1. Return the sequence-ordered ³J(HN,Hα) values of region 83-98 in whole Hz as given by the Karplus equation 6.51 cos²θ - 1.76 cosθ + 1.60 applied to θ = phi - 60°, using x for Gly and Pro.
2. Which ³J(HN,Hα) values in Hz, rounded to whole numbers, follow from the phi angles of region 43-48 under the Karplus curve 6.51 cos²θ - 1.76 cosθ + 1.60, where θ = phi - 60° and Gly and Pro get x?
3. What does the C-alpha gyration tensor say about the overall shape of the chain? Classify as rounded when a/c is under 1.5, otherwise prolate if a/b is larger than b/c, or oblate.
4. For the residue pair residue 95 and residue 54, what label-to-label distance in nm results when each label sits 7 Å from Cα along the Cα-to-beta-carbon direction?
5. Name all residues of region 1-32 having a backbone nitrogen under 20 Å from the label point set 7 Å from the Cα of residue 79 along its Cα→Cβ direction, giving them as ranges.
6. Given 0.36 nm per residue, what is the gain on full extension from residue 28 to residue 40 after removing their alpha carbon distance, in nm?
7. Using the heavy atoms of the protein chains and a 1.4 angstrom probe, tell me the accessible area per residue for the chain in square angstrom.
8. Give me the percent of the accessible area of the chain that comes from carbon and sulfur atoms, probe 1.4 Å, all protein chains in place.
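The values are calculated or read from the model by the stated rules, or taken from the named source; none is laboratory data. Predicted, not measured: the structure shown is a model, and the values here were computed from it. Cβ placement follows ideal geometry from the backbone for every residue including glycine, while neighbour counts extend to all protein chains displayed. Note: accessible area is taken over every heavy atom of the protein model, side chains too, but ligands, DNA and RNA are not part of it. Shrake-Rupley method; radii C 1.70, N 1.55, O 1.52, S 1.80 Å.
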Amino acid sequence: IAGAMLQQVILRSPVDSGAFRSNHRVTLKVIDKSFDKNSTGNDVLAKGMATILQAKLGTTIYLQNNSPYGIRLERGWSKQAPLGIYSLSFQSVTSRYK
């Protein structure tokens with residue numbers, strides 16, 4: 001489920017410079033508060049999946065994006081993602097497991 005959620009937020013992320021898409025963070029047990037404004041990496045999915053695969057049953061997995069404009073994007077600020085990113089991804093993934 002965490003892997004599906006990560007894939008969805010990456011695919012739904014609007015792209016201008018690539019900074020938002022490349023700053024999705026996956027951590028176990030602790031929150032990552034970092035943001036790299038110069039990041040344009042394409043390895044976000046691979047890094048995130050590697051972290052997810054380390055999780056044991058019951059481990060809290062955090063999936064977040066600390067972009068300073070992330071809240072605006074979630075509220076429809078981008079024409080590429082007028083309905084948000086994380087909320088739609090959550091709805092899409094959870095509907096598969098009802």
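1. Each residue's phi maps through the Karplus curve to give 10, x, 10, 5, 5, 5, 5, 4, 4, 5, 5, 5, 5, 6, 10, 7 Hz.
2. 9, 4, 5, 4, 5, x
3. Working: a/c = 1.87, a/b = 1.24, b/c = 1.51.
Verdict is oblate for the chain.
4. In this crude label model, residue 95 to residue 54 measures out at 3.4 nm.
5. 12-21
6. Numbers: separation 12, 0.36 × 12 = 4.32 nm, distance 2.30 nm.
Answer, rounded to one decimal: 2.0 nm.
7. On a per-residue basis, the chain sits at 66 Å².
8. Values: 3520 of 6430 Å².
Here it works out to 55 percent.
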